[in-house]
1. Which residue pairs have Cβ atoms closer than 6 Å, lie 6 or more positions apart in sequence or on different chains, and pair a first residue in the range 56-76 that is within 24 Å of Val162 (Cα to Cα) with a second residue that is aromatic (Phe, Trp, Tyr)?
2. Name the pairs: first residue in the range 139-153 and within 18 Å of Glu11 (Cα to Cα) and open to solvent by less than 10 Å² (accessible area, probe 1.4 Å), second residue part of a loop (DSSP other than H, G, I, E, B) and not small (Gly, Ala, Ser), Cβ to Cβ under 8 Å, at least 6 apart or on different chains?
3. Please find, within the range 203-223, the residue that is farthest from Ala374 (Cα to Cα) out of those that are open to solvent by less than 10 Å² (accessible area, probe 1.4 Å) and either touching a Pro at 6+ places or on another chain (Cβ under 8 Å) or not assigned by TED's automatic domain parsing to the domain that holds Pro358 (or both).
4. Across the range 66-119, which residue is farthest from Val410 (Cα to Cα) among those that are touching a His at 6+ places or on another chain (Cβ under 7 Å) and within 16 Å of ligand 3 (Cβ to nearest atom)?
5. Restricting to the range 200-259, and then to whatever is part of a loop (DSSP other than H, G, I, E, B) and among the acidic types (Asp, Glu), can you tell me which residue is nearest to Arg362 (Cα to Cα)?
6. Consider Leu365 carefully, then state whether it is touching a strand residue (DSSP E or B) at 6+ places or on another chain (Cβ under 6 Å) and more than 30 Å from Ala240 (Cα to Cα).
7. Working carefully through the options His76, His89, His67, find the one that is within 16 Å of ligand 2 (Cβ to nearest atom) and out of contact with any strand residue (DSSP E or B) (no Cβ under 7 Å at 6 or more places or on another chain).
8. Can you tell me which residue in the range 312-364 is most open to solvent (accessible area, probe 1.4 Å), limited to those that are among the β-branched types (Val, Ile, Thr) and within 30 Å of Ile409 (Cα to Cα)?
Amino acid sequence: MNREAIERYLEEAKETQLEQLKEWLRIPSISTLPEHQEDVLRAARWLADHMQAIGLEHVTLIPTEGHPLIYADWLHAGPDAPTVLVYGHYDVQPVDPLELWETPPFEPTVKEGPQGPDIYARGAADDKGQVFVHVKAVEALLATEGRLPVNVKFIVEGEEEVGSPNLTQMLPQLQEKLAADVCLVSDSHILSPTQPVIIYGLRGLWAGQLTVTGPRSDLHSGSFGGIVHNPNQALAELLATLHDEQGRITVPGFYDDVRPLTPQERELLAQVPYGEEEALAETGVPALYGEPEFTPVERTGARPTLEINGMWGGFTGQGFKTVIPSQAQAKISCRLVPDQTPERVYQLLRDHLEAIAPPTVRVTLEDFGGGLPALVDLDVPQMQAAVRAYEESFGATPLFTREGGSIPIVALFQQVLGAPVILMGFGLPDDNLHAPNEKFHLPNFYRGIRASIVFMRKVARG
Ligand code: BES
Ligand code: MN
Ligand code: MN
């Protein structure tokens with residue numbers, strides 16, 4: 001191991017690494033939009049070609065019923081060396097509303113921010129930039145030392161933003177190919193450029209759509225108002241039964257499977273410097289909402305939620321129209337925590353809505369599925385490798401927290417591959433994921449590459 005050689009290499013490679021990331025970010029790999037299917041494939045090919053070029057082996061696009069998986073490995077660290085499986089995703093979210101982007105989403109632009117340069121583009125932090133960190137770490141090690149301290153496998157998918165349907169379905173048959181001692185996932189954020197954090201919990205997800213149908217077709221509200229239950233009103237009445245005034249979910253049985261927080265865990269989470277003040281500043285709301293007996297960090301990381309993501313029905317144009325609509329609908333999703341499952345949550349919500357549905361309308365709840373929540377073991381030796389990796393590259397000891405977002409495949413890696421998962425994120429809380437002006441903090445990108453290298457070295461030493 002030659003620290004000076006690799007430091008010199010990394011210093012000299014910075015410009016090239018950035019140009020390469022930009023090239024990849026220019027490909028609009030939006031997985032949910034059918035018109036971008038070719039672009040998603042192009043983004044997969046771009047990374048596969050790049051992996052091949054830097055010396056990774058067995059680089060393959062694994063076809064699925066949707067977008068392809070990318071697999072690559074380097075397995076010459078010796079029979080006793082551990083294997084690290086790096087997971088990430090090359091698909092990105094849609095860019096709407098486009099008019100709110102200050103620079104075009106697929107023309108990556110570097111701008112100087114208060115804490116250093118940021119690269120602006122859709123996918124910069126979620127997740128192309130963060131996957132690329134590990135590709136660049138592998139490249140630097142191979143270029144300067146000709147080898148890696150551990151065996152490395154990559155699995156990079158193109159459907160994370162649509163719930164990982166095909167990787168989920170194919171994981172059992174990939175079990176042997178992806179066998180590893182530890183999974184490394186960089187698809188989350190730390191607290192600030194100087195305060196890293198290791199996420200040890202992710203929430204799961206259930207999503208669905210509620211439809212309230214009244215009359216066969218829209219009706220004149222003068223001729224029929226007074227004898228027909230307005231579906232918009234019925235929808236609002238149904239939705240209003242889902243929470244109490246303090247934000248607790250009132251669907252019977254909803255909390256039955258929720259694992260309570262232990263006093264030790266509450267102590268750990270209390271160290272995270274994020275409270276009411278920060279949440280108010282970050283969101284701009286006049287007051288916070290939600291279960292008063294839990295802190296904001298606990299509420300977003302360790303408590304489930306039920307959100308109404310959209311609702312519509314009847315006339316919403318300019319002016320007014322005196323109509324009773326035939327139908328009203330709402331998109332609903334729940335963030336889940338261990339040991340809730342999307343199947344059970346759907347069943348509970350459907351039972352509740354069926355039980356309270358008035359006889360005046362028909363109510364149906366469609367199931368879009370979801371993903372499992374996950375908790376990762378803090379006691380595995382690889383966790384110490386991650387702690388040291390952050391310390392050496394960011395110059396600070398990471399805190400531990402639970403995150404509100406979801407990465408559905410994490411729980412399945414634990415179940416199917418039986419390997420511990422380390423969530424080593426390099427994003428920042430204000431990276432604007434899924435929103436206009438997504439960015440990735442470039443110092444985090446470069447420090448991330450060093451963190452990845454340190455992680456591999458520490459894992460190798462066991
Ligand atoms: N990278 C995010 C998840 C995330 C966000 C983790 C913030 C940690 C901090 C991921 O790409 C994502 O957006 N997941 C979706 C999953 C869904 C589409 C199944 C989510 O959480 O909404
Ligand atoms: Mn992501
Ligand atoms: Mn995302």
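The values are calculated or read from the model by the stated rules, or taken from the named source; none is laboratory data. On a predicted model such as this, the values are computed, not experimentally measured, just so you know. All Cβ positions, even for glycine, are placed from backbone atoms using ideal geometry, and neighbour counts span all protein chains on display. The accessibility values were calculated without ligands, DNA or RNA, using every heavy atom of the protein model including side chains. Shrake-Rupley method; radii C 1.70, N 1.55, O 1.52, S 1.80 Å.
1. Between residues of the range 56-76 that are within 24 Å of Val162 (Cα to Cα) and residues that are aromatic (Phe, Trp, Tyr), the close pairs are Thr60/Tyr71; Ile62/Tyr71; Ala72/Phe154.
2. Filtered contacts from the range 139-153: Leu141/Arg147; Leu141/Leu148; Leu141/Pro149.
3. Applying the filter and picking the extreme gives Val212.
4. Going through the qualifying residues, I end up with Gln93.
5. Asp218
6. Numbers: touching a strand residue (DSSP E or B) at 6+ places or on another chain (Cβ under 6 Å): yes; more than 30 Å from Ala240 (Cα to Cα): no.
Taking the combined requirement at face value, the residue does not satisfy it.
7. So the residue among His76, His89, His67 that is within 16 Å of ligand 2 (Cβ to nearest atom) and out of contact with any strand residue (DSSP E or B) (no Cβ under 7 Å at 6 or more places or on another chain) is His67.
8. The selected residue is Thr364.
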